[in-house]
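What follows is a single structure, written as structure tokens, with notes after it.
The values are calculated or read from the model by the stated rules, or taken from the named source; none is laboratory data. Note that the structure is a prediction, hence the values are computed from the model and not measured. Cβ atoms come from the backbone with ideal geometry, glycine included; neighbour counts cover every protein chain shown. For accessibility, only protein heavy atoms count, side chains too; no ligands or nucleic acids. Shrake-Rupley method; radii C 1.70, N 1.55, O 1.52, S 1.80 Å.
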Amino acid sequence: TWQKGVVPNSFAVQSGVARRTVPDVSMLADPFTGFVIGQTDPDSGTYSEYPIGGTSLACPLFVATVAVAQQHAKRSFGEANALFYKNATKAFRDIAPLAVPEVVALPLGDGTNAAITFDDPQQTIATAKGWDSVTGLGVPNGQAFLNAIK
């Protein structure tokens, strides 16, 4: 019920039945700009570092953001999805489509580049104004997120 009126019916309604739709939110998941993990192999004693991204980075970042919001509100949110959808326009920065899709070339270190964009006309995924199937409600909007999610 908390997604009703926010998630377009073209995503939420399947075979005439309203269903839970994801994603809810977005966070940093790019391993190029993400987080570097360092570890020592207990058997060999060899230390190595590697970048991490994807949900292994985005989920802990979002959980930490919610933890800060709970401290700010001085209470536990429990199931917080209803709060996110109720306060979406205040709490999240919408990731909207660009007039011309921007392609960012990232050097991979082997002389090649990776082209990254959210809106690829050759794929079915694309950002949209409001909730979309790529970025959900958007990204937490700093202090506005803390003030809106109480």
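The accessible surface of the stretch 1-104, taken with every protein chain in place and a 1.4 Å probe, is 58 percent carbon and sulfur.
Per residue, the average separation of C-alpha pairs within less than 8 Å and at least 6 apart gives the stretch 1-80 a relative contact order of 22 percent.
Sorted on the mean count of surrounding Cβ atoms within 10 Å across their residues, most packed first, peptides 16-24, 139-147 read 139-147, 16-24.
The calculated FRET efficiency for Thr89 paired with Asp110, based on their beta-carbon distance and R0 = 35 Å, is about 0.25.
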